[in-house]
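Notes to accompany the following structure.
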Amino acid sequence: MTVWLDELDAGELAIRFEGEEPQALLEWALEEFGYRIAISTAFQVDGSVVLDMAFAIDPDVRVFTIDTGRLPEESLDFADTLRERYPGINLEVVQPDPEHVRRMVEAKGRDLFRESVENRLLCCQVRKVQPLLRQLDGLEAWITGLRRDQWATRTNIRKVEIDHDHGAIVKLNPLAEWTARDVWTYLKENDVPIHPLYARGFTSIGCAPCTRAVEPGEDERAGRWWWESNAPKECGMHCSIEHGGFEHELKAILGK
Ligand code: SF4
């Protein structure tokens, strides 16, 4: 059965599930969308909470992560930790198009992201956003671990949205209302595996060259692209970034 939702439906569902536990939304979504929905995780604690909840509801739930080719070794190891903790988990590792990566590196260098915000956004497009687009192309809905308190760009997210940046499929953010404290309480109470870099001061998990540990008191996403100023701490996966300057390069790399 195909579940077509429009803005009105999504708005009504967002209101219905606001104030409800995340599991209520997950139960509804897994029942409604079945194999046409998947969880996206970058192995951050929020994604692990969603995964833990969803796996308890349906062990066949689809999960995917994007291996950009620049992930820290710890993230690759953590995928194995999840496979051990959740036997039979349907965890798919999605990779960027090697030809696109080759063209970008040839044109701009492997560490192009250090040179300008445009280059950083270009790299994120090639290594993260394009693989995500390919993955979402076969889905009717996806589930994230986004929370409103993570960053200014996320304060208005709803639990149920129509994702106009990704083919107008449904995007679910079951933890939208939660705080970091809620997340850590759940992890502890449910013995959920935690990515090892959190123990080394990281509060966000991303590519190795673009993510560092934060100092006490710094924002949760302060360790992402810390050398940039006046740039969004987003890669384009969760919101469209209108920065300009990289789109023509991207077209050349994609060959269209
Ligand atoms: Fe490239 Fe850094 Fe973005 Fe990873 S986070 S895709 S290395 S710019």
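Please determine whether any residue of segment 159-170 is in contact (Cβ under 8 Å) with a residue 40 or more places away in the chain, open to solvent by 10 Å² or more (accessible area, probe 1.4 Å), part of a loop (DSSP other than H, G, I, E, B) and not aromatic (Phe, Trp, Tyr).
If we filter segment 159-170 for residues that are in contact (Cβ under 8 Å) with a residue 40 or more places away in the chain, which is where we start, we get 159-162, 165, 170.
Pick out the ones that are also open to solvent by 10 Å² or more (accessible area, probe 1.4 Å) and you get 161-162, 165.
Filter once more, keeping what is part of a loop (DSSP other than H, G, I, E, B): 165.
Remaining after also requiring not aromatic (Phe, Trp, Tyr): 165.
Yes.
Here are 189, 218: which of them is at pLDDT below 90 and more than 16 Å from the ligand (Cβ to nearest atom)? Steps first, please.
Working: 189 fails: at pLDDT below 90.
From the options 189, 218, the qualifying one is 218.
On the stretch given as segment 173-193, residues that are part of a loop (DSSP other than H, G, I, E, B) and either without any contact (Cβ under 8 Å) to a residue 60 or more places away in the chain or not aromatic (Phe, Trp, Tyr) (or both) total 9. The set of residues in segment 95-129 that are in contact (Cβ under 8 Å) with a residue 60 or more places away in the chain and either open to solvent by 50 Å² or more (accessible area, probe 1.4 Å) or farther than 25 Å from residue 228 by Cβ (or both) comprises 103, 107, 108, 111, 114, 118.
Restricting to segment 194-229, give me the number of residues that are in a loop (DSSP other than H, G, I, E, B) and either of a type in the set (Lys, Arg) or touching a strand residue (DSSP E or B) at 6+ places or on another chain (Cβ under 8 Å) (or both).
From segment 194-229, those in a loop (DSSP other than H, G, I, E, B) are 194-195, 201-207, 212-223, 225-229; that's our starting set.
Still in the list and also either of a type in the set (Lys, Arg) or touching a strand residue (DSSP E or B) at 6+ places or on another chain (Cβ under 8 Å) (or both): 202, 204-206, 212, 221, 223.
Going through segment 194-229 one residue at a time, the tally reaches 7.
On the given criteria, is residue 171 away from the ligand (no atom under 16 Å from the Cβ), within 18 Å of the chain's Cα centre (by Cα), modelled with pLDDT of 85 or more and within 27 Å of residue 83 (Cα to Cα)? Taking the combined requirement at face value, the residue satisfies it. Give the residues of segment 67-94 that are more than 11 Å from the ligand (Cβ to nearest atom), modelled with pLDDT of 95 or more, closer than 26 Å to residue 227 by Cβ and open to solvent by 40 Å² or more (accessible area, probe 1.4 Å), sorted by residue number. 73, 74 - these are the residues of segment 67-94 that are more than 11 Å from the ligand (Cβ to nearest atom), modelled with pLDDT of 95 or more, closer than 26 Å to residue 227 by Cβ and open to solvent by 40 Å² or more (accessible area, probe 1.4 Å).
The values are calculated or read from the model by the stated rules, or taken from the named source; none is laboratory data. Here the structure is a predicted model, which means the values were calculated and not measured. FYI the Cβ positions are ideal-geometry reconstructions off the backbone, even for glycines, and counts take in every protein chain you see. Quick note on the areas: whole protein, heavy atoms, side chains included, nothing else; ligands and nucleic acids left out. Shrake-Rupley method; radii C 1.70, N 1.55, O 1.52, S 1.80 Å.
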